[in-house]
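For reference, the structure is listed below as structure tokens.
The values are calculated or read from the model by the stated rules, or taken from the named source; none is laboratory data. The structure presented is a predicted model; accordingly, all values stated were derived computationally and were not measured. Cβ coordinates were reconstructed from backbone atoms using ideal geometry, including for glycine residues, and neighbour counts include every protein chain displayed. The area values use the complete protein model at the heavy-atom level, side chains included, leaving out ligands, DNA and RNA. Shrake-Rupley method; radii C 1.70, N 1.55, O 1.52, S 1.80 Å.
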Amino acid sequence: MLSARTVLTRTARLSNARLNSTLVVAEHDETKLAPITLNAITAAGKLGNDVSVLVTGANAQKVAEQVAKVNGVKRVLVAQDDKLKNNLPERVAPVVLASQKQFNFSAITAGSSAFGRGLIPRVAAKLDVSSISDITQVHSADSFTRTLYAGNAVKKVKSSAAVKLLTFRGTSFEPAKEGGSGAVEKAPSADIATDTSEFLGQELSKSERPDLATAKIVVSGGRGLKSGDNFKLIYELADKLGAGVGASRAAVDAGYVPNDMQVGQTGKIVAPELYIAIGISGAIQHLAGMKDSKTIVAINKDPDAPIFQVADIGLKADLFKAVPELTAALK
């Protein structure tokens, strides 16, 4: 029989373990885990605590099995309910709050995507703390670096909140690898309201080209292409390189391409091995989405275009001549 002192000691240890743990809320499409969640798991591990992952959805169990195999994941919480289909932030938030009430996590995190940006501030408001978004570096459990003004300023912040609410920029952290064996258990039950929001539908572009978020090479076009038909020059070059295709906001706003191709502050953040910007002037909003690329190549006829300031290789040329020549040279 254990003494009262032993029981108290073990209880205190258990309490501390719970206080020093981090929750990552997984993003997925009901079949596979979103790549940015793997980046978030790596970032969460840098907080120095055990990492748990919450998987919500109508088919959460299947995704949870994938998460359990990720290195660094100690526990996987599963909330499977038809009400959670499509993972609307308004419906996921109560599950996160119920998990926090039971496990008392020291940090609740997600990737800095549309999903994470919709969920984390909502949970932060419910817990009456401030969230810290788009973190690019973790210094300690309470100190972080994030960017401001479309990436033109870098700020180091320290949070004194009892529980940290954080989103991590995916391109700033390596994706977590397989090799784990996390325990899978049912998430705490929560009252999920269905009268505040409703999922109506979505239109997704289908392409055989690599996804922008994970492509090692990205070819992007801007307003300099003058029309959507001329984007065929971008597609042909991208296909030769096995690259993903992006666009500037100006090209999207002009109706040349759909908005899911937009790279920039209000679009997708990418950091491929090679980024080729064609007919893109280089507004700060676009630079914020691609300036972490390993090598940047710019093709523009304007020698004063801001894109040349961040380019490793710049070509002052008419894109309608230079791009076909480049594509032909790759045959």
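Determine which member of the set ALA153, ALA141 is farther than 30 Å from MET261 by Cβ, touching a Ser or Thr at 6+ places or on another chain (Cβ under 9 Å), open to solvent by 20 Å² or more (accessible area, probe 1.4 Å) and assigned by the TED database to the domain that holds VAL76.
That would be ALA141, the only listed residue that is farther than 30 Å from MET261 by Cβ, touching a Ser or Thr at 6+ places or on another chain (Cβ under 9 Å), open to solvent by 20 Å² or more (accessible area, probe 1.4 Å) and assigned by the TED database to the domain that holds VAL76.
Six or more apart or on different chains, Cβ atoms under 7 Å: show the pairs whose first residue is in the stretch 62-87 and touching a residue at least 40 places away in the same chain (Cβ under 8 Å) and at positive phi and whose second is of a type in the set (S, T, N, Q) and part of a loop (DSSP other than H, G, I, E, B).
none
Among the residues of the stretch 189-225, what is the count of those that are open to solvent by less than 100 Å² (accessible area, probe 1.4 Å), assigned to a loop (DSSP other than H, G, I, E, B) and not β-branched (Val, Ile, Thr)?
The number of residues fulfilling the criteria is 14.
For the stretch 248-260, name all the residues that are touching a helix residue (DSSP H, G or I) at 6+ places or on another chain (Cβ under 7 Å), surrounded by fewer than 24 Cβ atoms within 10 Å (Cβ to Cβ) and closer than 25 Å to THR167 by Cα.
Correct list: ARG249, ASN259.
Which residue, of LYS268, LYS321, LYS291, is open to solvent by 20 Å² or more (accessible area, probe 1.4 Å), at negative phi and free of Cβ contacts under 8 Å to residues at least 12 places away in the same chain?
Sole residue among the options that is open to solvent by 20 Å² or more (accessible area, probe 1.4 Å), at negative phi and free of Cβ contacts under 8 Å to residues at least 12 places away in the same chain: LYS321.
Can you name the residue in the stretch 113-138 that is β-branched (Val, Ile, Thr), within 17 Å of the chain's Cα centre (by Cα) and farther than 19 Å from VAL270 by Cβ and, of all such residues, is least open to solvent (accessible area, probe 1.4 Å)?
Step by step, filter the stretch 113-138, then rank; the result is ILE120.
In the stretch 296-310, which residues are open to solvent by 50 Å² or more (accessible area, probe 1.4 Å) and among the polar types (S, T, N, Q)?
Scanning the stretch 296-310 gives a single hit, GLN309.
PHE168 is checked against (1) touching a residue at least 12 places away in the same chain (Cβ under 8 Å); (2) within 19 Å of LEU287 (Cβ to Cβ); (3) in contact with a strand residue (DSSP E or B) (Cβ under 9 Å, 6 or more places away or on another chain) and fails just one. What number does that condition carry?
(2)
Residue by residue through the stretch 48-67, note down the ones that are open to solvent by 10 Å² or more (accessible area, probe 1.4 Å) and either touching a Leu at 6+ places or on another chain (Cβ under 8 Å) or of a type in the set (A, V, I, L, M, F, W, C) (or both).
Answer for the stretch 48-67, where residues must be open to solvent by 10 Å² or more (accessible area, probe 1.4 Å) and either touching a Leu at 6+ places or on another chain (Cβ under 8 Å) or of a type in the set (A, V, I, L, M, F, W, C) (or both): ALA58, GLN66.
Sort out which residues of the stretch 122-138 are in a loop (DSSP other than H, G, I, E, B) and either of a type in the set (A, V, I, L, M) or assigned by the TED database to the domain that holds LYS291 (or both), and write them in order of number.
Selection gives VAL129 alone.
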